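> Here you go, one structure.
Read-outs throughout are calculated quantities, based only on the coordinates presented, and are distinct from any laboratory measurement. All of these numbers come straight from a predicted model, not from anything done at the bench. Note that we place each Cβ from the backbone using ideal geometry, even for glycine, and neighbour counts take in every protein chain shown.
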Amino acid sequence: MTNHLFTLYHHKPLMGSTLRGASQYAYHTLEKEEDYPPVTSSRNELCQRLGFPHLVTLHQTHSSIVHRVSEENLWYFLQNPLIEGDGLWTTLPDILLGVFTADCLPLFFWSEDVVGIVHAGRRGIQKEIHKVFVEEVMKAGYDISRFQFLIGPHIRQCCYQVGEDVAQEFSFTYAIQKNNGWYLDLEKKVINDLQNMGVKRGESIPICTFCSDPSLWYSYRRGDRHCRHLHFIGQKKEKKN
């Protein structure tokens, strides 16, 4: 499902991405607190349209910090939308979890009991945030083999040119050389790592934010320095008959 505000990839759980030209949803990209009210209004409107009472996001710093949202701390995340971190997960229904990107990888995770989402750029992947997410869920006692993952739109290897030093940081395993440059495949790195950890079922949305329709997708490398897509996931409470 796609409209002028967002596109949906899945309905149970609900997951999707806002599109270019939609409202601003990120607090941490704003310079002044007086800019907060329009963002708050946009977030509330999106939640209403999607049928969720709450949206939890973080102040993203390309870290390896993953938070669990629980009944005990939900109020804290709602009152403090600038908590540092780049990953979220929960077993609570009726909570939307979100991350922001404009070339980085949005990683969606879900099982029967858990939904989660991760902002994974090159620096976060080097810090293994995707593996930290899996480890945190496993520590909590959940069977990771029952999870699925989806990689949302991001800058793909066709356009992600890096220096030789960066390619070397990935042992050249996930880079190819063409046009006198190195091109990095972060998606392949993430998929290999997740499958090696036991998350076998996954797929990727085949959209490159850099070279796909610029009327739909933001790209930091293409010049979109302040705008971000909001990627979201949440499980609605089952209605009793």
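> Which FRET efficiency value, to the nearest 0.05, is calculated for Lys237 and Glu34 with the Förster distance at 41 angstrom and r the Cβ-Cβ distance?
So, using R0 = 41 Å, E works out to roughly 0.70.
> Which of the lysines could a cross-linker span from Lys188 if the Cα-Cα distance has to be under 23 Å and same-chain partners fewer than 8 positions apart are dropped?
Lys127, Lys131, Lys178, Lys200
> Taking a cut-off of 19 Å between Cα atoms, list the lysines near Lys237, but don't count ones fewer than 8 places away on the same chain.
The qualifying lysines are Lys12.
> Now a separate question. Determine the percent antiparallel among the DSSP beta bridges restricted to the stretch 1-110, to the nearest 5.
45
> Report, by chain and number, residues whose modeled amide H sits under 5 Å from the one on Val162, excluding near sequence neighbours (fewer than 5 apart, same chain).
Counting only residues 5 or more places away or on other chains, the set is Trp182, Tyr183, Leu184.
> For the stretch 104-241, what is the percent of antiparallel DSSP beta bridges, rounded to the nearest 5?
DSSP beta bridges in the stretch 104-241 are roughly 75 percent antiparallel.
> Okay, moving on. With springs connecting C-alpha atoms under 10 Å apart, model the chain as a Gaussian network and identify which of Ser111, Ser171, Ser70 has the largest mean-square fluctuation.
Of the options given, Ser171 has the highest mean-square fluctuation.
> Which loop GluC sites (Glu not before Pro) in the stretch 20-102, with loop taken from DSSP, have no more than 16 other Cβ atoms within 10 angstrom of their Cβ?
Those satisfying the criteria are Glu31, Glu71, Glu72.
> If Lys and Arg each add +1 and Asp and Glu each add -1, what is the summed charge of the other residues whose beta carbon sits under 14 Å from the beta carbon of Phe133?
Spelling it out: positives minus negatives among the neighbours equals -1.
> How far apart, in nanometres, would the label points at Asn192 and Leu5 be if each is projected 7 angstrom from Cα along the Cα-to-Cβ direction?
Distance between the two pseudo-spin positions: 4.1 nm.
> What is the sum of charges around Glu169, taking Lys and Arg as +1, Asp and Glu as -1, for the other residues whose C-beta is under 14 Å from the C-beta of Glu169?
Computed value for this residue: 0.
> Of the DSSP beta bridges with both residues in the chain, give the percent that are antiparallel, rounding to the nearest 5.
Once the DSSP bridges in the chain are tallied, antiparallel ones form about 75 percent.
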